[in-house]
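Inspection log for the structure reproduced underneath, given as structure tokens.
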Amino acid sequence: MLGLVTSSFIIGVGLFQVPAGIIAARYGADKLAVFGILLASSCALGTGLSENILQIALLRFMVGVGMACFFGPSVILISKFLGRRAEGLGIGLINSAHAIGGILGIFTWIVLAQLTGWRIGLIIGGALGLVTGIILSVSLSRTNPFSIRREENLSPPNGEPSDLEPKKISPEIGISMSGLRHTLFNKSLIILGTTLLSFQAGSSIILTFIVLYLGGVLSIDYTVAGLIGSLNLVIALFSSPLFGLLYDRTRKAKKILIISGLASAISIWGMTFPSVYVIIPSMIFSAIFLSAGFVVVYAEAKRTNRIQGLDPKYQTLAVSFVNGISLFGAFWVPFLFSFAAERFGFAIAWLVGGLIVLAFILPAFKLK
């Protein structure tokens with residue numbers, strides 16, 4: 001059931017990344033971001049009122065749809081506020097915010113569920129999300145991020161003229177099939193999306209199964225297991241902005257992604273040893289290098305749109321497209337992991353997980 005619920009969410013996020021990017025190009029990233037967080041929060045709240053596992057799976061699918069509408073626009077919005085020279089840092093800050101939410105979800109909500117029941121926990125989480133959506137709507141209505149022009153008077157970072165002097169194009173009115181085609185069939189974006197699948201797979205199996213593994217297999221108290229599981233996110237909270245700064249300074253996307261992918265696979269293999277003295281360091285290293293993959297891929301996708309001379313309105317679509325490839329392409333990973341764990345044990349399952357991460361990092365070698 002855990003595999004079904006997780007995969008339902010991933011399918012929802014993956015299927016609607018491209019439609020969300022197209023809608024953002026037409027109506028604006030700010031409006032879509034508000035809609036997305038309100039939809040996701042409403043369905044998360046509704047999960048607490050569900051009556052059976054199929055309703056939960058359907059609602060988690062809709063939460064995924066809402067998050068698909070939110071994530072791509074959020075990357076573009078924060079980049080607009082911070083400017084081009086800090087786009088990696090901006091995406092790192094978004095990842096840090098995700099980590100904070102994950103820490104609350106994987107640790108605090110375990111305690112909350114034990115005290116009040118899982119339904120009340122989900123209702124409270126959904127209600128807090130709705131409040132966040134209202135605050136976001138009010139904030140964006142007061143300040144239009146697309147009126148900010150911080151990117152215009154920048155000196156070239158690290159002598160990279162192609163990044164600062166893209167092909168000059170006239171902004172399109174509305175959206176066009178040509179703009180959509182150049183984004184959705186862009187070879188560099190497809191490679192980035194396939195590479196991100198590696199980090200998506202590693203992150204999903206750790207966050208989904210680590211608490212169950214520690215508590216159910218190694219017989220660790222579930223509160224302690226939640227605390228250990230949250231290490232993955234605590235570390236990412238600090239490592240994501242650091243990798244964003246590293247990317248901003250070097251633009252070495254290919255090298256960072258390959259090293260991070262290899263290190264992530266090795267860290268996941270460390271989970272095969274049933275000892276907290278091995279699992280905790282493995283969690284820490286996996287958190288460091290998995291966070292690097294997300295930050296660098298999203299920043300490079302936005303930059304690819306710019307240096308190839310595409311209309312800036314398709315930047316949300318570029319980020320969403322890359323995210324969609326990774327999410328929809330990884331929907332089967334929780335199923336395969338749970339099957340391997342049930343049939344052969346968690347040691348084999350972690351081995352399979354590391355192999356998946358390793359296999360999908362190979363496309364990074366084709367990056368320019």
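Select the helices (runs of 4 or more DSSP H) contained entirely in the stretch 26-110, then report the ones holding at least 1 residues which are over 16 Å from the mean Cα position of the chain (by Cα) and under 15 Å from residue 128 (Cα atoms).
Of the helices (runs of 4 or more DSSP H) lying wholly inside the stretch 26-110, those with at least 1 residues that are over 16 Å from the mean Cα position of the chain (by Cα) and under 15 Å from residue 128 (Cα atoms) span 29-47.
So how many residues does the stretch 78-100 have that are crowded, with 24+ Cβ neighbours inside 10 Å and at pLDDT 85 or above?
1
In the stretch 170-284, which helices (runs of 4 or more DSSP H) lie fully inside it and hold 1 or more residues that are within 20 Å of the chain's Cα centre (by Cα) and of a type in the set (Gly, Ala, Ser)?
187-212, 222-229, 231-250, 253-269
Tally time: how many residues in the stretch 115-160 are modelled with pLDDT of 50 or more and not in a helix (DSSP H, G or I)?
3
So, of the residues in the stretch 1-25 that are under 30 Å from residue 52 (Cα atoms) and over 18 Å from the mean Cα position of the chain (by Cα), which turns out to be surrounded by the most Cβ atoms within 10 Å (Cβ to Cβ)?
3
Farther than 21 Å from residue 237 by Cβ, charged (D, E, K, R) and either surrounded by fewer than 23 Cβ atoms within 10 Å (Cβ to Cβ) or in contact with a Pro (Cβ under 8 Å, 6 or more places away or on another chain) (or both) - does that describe any residue in the stretch 288-300?
no
Okay, residues lined up against (1) aliphatic (A, V, I, L, M); (2) under 24 Å from residue 325 (Cβ atoms); (3) in contact with a Ser or Thr (Cβ under 6 Å, 6 or more places away or on another chain):
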{"site": "181", "(1), (2), (3)": "no, yes, no"}
{"site": "184", "(1), (2), (3)": "yes, yes, no"}
{"site": "188", "(1), (2), (3)": "no, yes, yes"}
{"site": "225", "(1), (2), (3)": "yes, no, no"}
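Cβ-Cβ under 6 Å, sequence separation 6+ or interchain: first residue in the stretch 99-127 and without any contact (Cβ under 8 Å) to a residue 40 or more places away in the chain, partner surrounded by 14 or more Cβ atoms within 10 Å (Cβ to Cβ). Which pairs?
From residues that are without any contact (Cβ under 8 Å) to a residue 40 or more places away in the chain, the pairs are 109/121; 112/121; 113/121.
Return the only residue of 16, 61 being touching a Ser or Thr at 6+ places or on another chain (Cβ under 7 Å) and not charged (D, E, K, R).
Every option except 61 fails the conditions.
The values are calculated or read from the model by the stated rules, or taken from the named source; none is laboratory data. No experiment lies behind these values; they were computed from the predicted model shown. All Cβ positions, glycine included, derive from the backbone under ideal geometry; neighbour counts span all protein chains shown.
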